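These notes are about the structure you will find just below.
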Amino acid sequence: MSVSFTFRHRRSLLALPQEMKLPTLFSLLMASISAFLSIIVYPSLQPIIPLFYTLPQLDQQLARKEFMFVLPIISISVCIVNLVFGKILSKIDFLMMQLLAWLTVFLEFLLLFALVRIILII
């Protein structure tokens, strides 16, 4: 009597459709650059930095230097949400999945641009 077991291979949670791999790669790359840039610049920052430089009052523009990590945290969070929603949308609507992926790349670019601009102001 012979017993054989077969295992079904489950797709990983991170297994993405082919159409979503390139935008997700760009998003993760920009989020990583943002986090790396914040870590590199952090030791050389003053205790108070002009993080909210677009506000009219000078006292409203200033924040502690620990708030420099807010943008990378938002960036990484957006990547994670994109992966979850992209996985759900890949089963529902192909066009919405691609739109979400490329809009995430655009948002990541804006967050990285804002971080670079803040660093250049300092």
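The values are calculated or read from the model by the stated rules, or taken from the named source; none is laboratory data. Quick caveat: nothing in here was measured; it's all calculated off a predicted structure. In this analysis, Cβ positions are derived from the backbone assuming ideal geometry, glycine residues included, and neighbour counts consider all displayed protein chains.
Structure notes:
- Restricting the stretch 81-117 to residues that are β-branched (Val, Ile, Thr) and within 14 Å of the chain's Cα centre (by Cα) leaves a set whose member that is farthest from MET30 (Cα to Cα) is VAL84.
- From VAL70, VAL78, residue being over 16 Å from SER27 (Cβ atoms), modelled with pLDDT of 90 or more, surrounded by 12 or more Cβ atoms within 10 Å (Cβ to Cβ) and of a type in the set (A, V, I, L, M, F, W, C): VAL70
- In this structure, PRO56 qualifies as in a loop (DSSP other than H, G, I, E, B), at pLDDT 80 or above and closer than 21 Å to PHE113 by Cα.
- Scanning the stretch 78-122 for residues that are touching a residue at least 60 places away in the same chain (Cβ under 8 Å), among the small types (Gly, Ala, Ser) and more than 15 Å from LYS21 (Cα to Cα) yields no hits at all.
- Search result, residues across the stretch 42-52 that are surrounded by 15 or more Cβ atoms within 10 Å (Cβ to Cβ) and either within 22 Å of the chain's Cα centre (by Cα) or over 14 Å from ILE122 (Cβ atoms) (or both): LEU51
- Any hit, the stretch 18-40, residues being more than 15 Å from GLY86 (Cβ to Cβ) and over 15 Å from the mean Cα position of the chain (by Cα): yes
- Annotation note: of LYS91, LYS87, LYS21, the sole residue that is at pLDDT 85 or above and among the charged types (D, E, K, R) is LYS21.
- Tallying residues that are touching a strand residue (DSSP E or B) at 6+ places or on another chain (Cβ under 9 Å) and under 15 Å from ARG117 (Cβ atoms) within the stretch 26-53 yields 4.
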